[in-house]
Amino acid sequence: MRIVLVTGLSGSGKSVAIRLLEDAGYYCVDNLPPQFLLDVCAYLDKTGHRYVAVSVDARSEARLTDVPQIVSVLRGFGHDVRVMFLTASDTALVQRFSETRRRHPMSLRVHAKPLEATLTESIALERELLAPLAEAAHVIDTSGLHPNTLRLWVRQFVDSPEASLTLSFESFAFKDGVPVAADLVFDVRNLPNPHYERDLRPLTGRDPEVVAFLEAAPAVAEMIEDIAAFIGKWLPSYVADNRHYLTVAIGCTGGRHRSVYIVEELARRFAGRELVLVRHRAIEPADAR
């Protein structure tokens, strides 16, 4: 089976991911206590289900620290297991809960006394409880992310073929903050900026005119060479450390030109070595295709 384990912080978009997977034909199980994961997967395998998505979160009373070992057991049985961890900044989560006026699931578990905790205390507790899952998962930061972009990224993640390591190249805008899910971050704001060219400003780093502008600048090619050399040198050590996911974030000021172009170039270079995903935070999904 292909088993997609969806986990992460409350308010980070897990329901969006689960609904997308259900629409894509996955048999979905929401908020399953981890101690039942092996039995449920065995039953679904026996009954002929090939695509399964399971949501696991901090509402479960079971020890979440057991989940990485359970994932290893499932992979040992030959299943293609992919773990997706959705997160967001405290600011984004507070805003989302304030807008929906929902009570945080952890609000009654922070204190020993039956008192309702503050929203920030609840978020902090949930981060602590879910930390073991984040370490073994592909992390997606949904702060400031449009739901359609999240749906696109989830679809790309589950449709990708099985590989020992998934290498994600992600462009972002420094003005919006560094993605919390990034493992490696490179700043390319020192490169020539197409934003100051009137005809190039409304375009993105995928458009031929912007590509030609950046290709004409020697510093851009040097930056790409340096970043590629760094990743190429250290990537084997991440694989040797049994890492299944690595996110490389490339940032510029607005996240539309330089970072997008460099992400596309790096993805082309590494496409033959590892499973590569391309993601652009600051441009619409229609522009990113």
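The values are calculated or read from the model by the stated rules, or taken from the named source; none is laboratory data. Here the structure is a predicted model, which is why all the values come from computation and not from measurement. Cβ sites come from the backbone with ideal geometry, for glycine too, and all protein chains shown count toward neighbours. Accessible surface is based on the protein model in full, side chains and every heavy atom, while ligands, DNA and RNA are left aside. Shrake-Rupley method; radii C 1.70, N 1.55, O 1.52, S 1.80 Å.
Is there any pair with a first residue in the stretch 208-222 that is farther than 14 Å from His257 by Cα and a second that is polar (S, T, N, Q) whose Cβ atoms are under 8 Å apart and which are 6 or more apart or on different chains, and what are they?
Ala219/Asn190
So which of Phe157, Phe169 is under 14 Å from Leu246 (Cα atoms) and assigned to a helix (DSSP H, G or I)?
After applying the criteria, what remains is Phe157.
Conditions first: (1) modelled with pLDDT of 95 or more; (2) under 29 Å from Leu133 (Cα atoms); (3) open to solvent by 20 Å² or more (accessible area, probe 1.4 Å). Ala249 passes all but one, so which condition is the exception?
(3)
Within the stretch 106-119, identify whether any single residue is in a helix (DSSP H, G or I) and either surrounded by 13 or more Cβ atoms within 10 Å (Cβ to Cβ) or at pLDDT below 90 (or both), and answer yes or no.
Yes; the residues of the stretch 106-119 include at least one that is in a helix (DSSP H, G or I) and either surrounded by 13 or more Cβ atoms within 10 Å (Cβ to Cβ) or at pLDDT below 90 (or both).
In the stretch 202-223, which residues are exposed (fewer than 15 other Cβ atoms within 10 Å of the Cβ) and of a type outside the set (A, V, I, L, M)?
Answer for the stretch 202-223, where residues must be exposed (fewer than 15 other Cβ atoms within 10 Å of the Cβ) and of a type outside the set (A, V, I, L, M): Pro202, Pro208, Glu209, Glu215, Pro218, Glu222.
Somewhere in the stretch 248-264, is a residue within 20 Å of Ser143 (Cβ to Cβ) and in contact with a Cys (Cβ under 9 Å, 6 or more places away or on another chain)?
There is at least one residue in the stretch 248-264 that is within 20 Å of Ser143 (Cβ to Cβ) and in contact with a Cys (Cβ under 9 Å, 6 or more places away or on another chain).
Show the residue pairs meeting these rules: Cβ distance below 9 Å; 6+ apart or different chains; first residue within the stretch 1-15 and under 21 Å from Thr120 (Cβ atoms); second residue assigned to a helix (DSSP H, G or I) and acidic (Asp, Glu).
Once the first residue is under 21 Å from Thr120 (Cβ atoms) and sits in the stretch 1-15, its partners that are assigned to a helix (DSSP H, G or I) and acidic (Asp, Glu) give Leu9/Glu126; Ser10/Glu126.
If you go through the stretch 80-90 one residue at a time, how many are more than 17 Å from Tyr245 (Cβ to Cβ) and either modelled with pLDDT of 95 or more or buried (at least 21 other Cβ atoms within 10 Å of the Cβ) (or both)?
1
Residues Leu93, Leu133: which one is at pLDDT below 90, under 30 Å from Gly25 (Cα atoms) and buried (at least 19 other Cβ atoms within 10 Å of the Cβ)?
Exactly one residue qualifies, and that residue is Leu133.
Quick one: which residue in Asp241, Asp226, Asp187, Asp199 is out of contact with any His (no Cβ under 9 Å at 6 or more places or on another chain), of a type outside the set (Phe, Trp, Tyr) and open to solvent by less than 80 Å² (accessible area, probe 1.4 Å)?
Asp187
If we scan the stretch 153-166, do we find a residue that is surrounded by fewer than 17 Cβ atoms within 10 Å (Cβ to Cβ), without any contact (Cβ under 8 Å) to a residue 40 or more places away in the chain, more than 27 Å from Leu86 (Cα to Cα) and of a type in the set (D, E, K, R)?
Scanning the stretch 153-166, I find no residue that is surrounded by fewer than 17 Cβ atoms within 10 Å (Cβ to Cβ), without any contact (Cβ under 8 Å) to a residue 40 or more places away in the chain, more than 27 Å from Leu86 (Cα to Cα) and of a type in the set (D, E, K, R), so the answer is no.
Is there a residue being part of a loop (DSSP other than H, G, I, E, B) and β-branched (Val, Ile, Thr) anywhere in the stretch 52-59?
For the stretch 52-59, residues part of a loop (DSSP other than H, G, I, E, B) and β-branched (Val, Ile, Thr): present.
Out of all the residues in the stretch 172-184, which are part of a helix (DSSP H, G or I) and surrounded by 14 or more Cβ atoms within 10 Å (Cβ to Cβ)?
Those that are part of a helix (DSSP H, G or I) and surrounded by 14 or more Cβ atoms within 10 Å (Cβ to Cβ): Phe174, Asp176.
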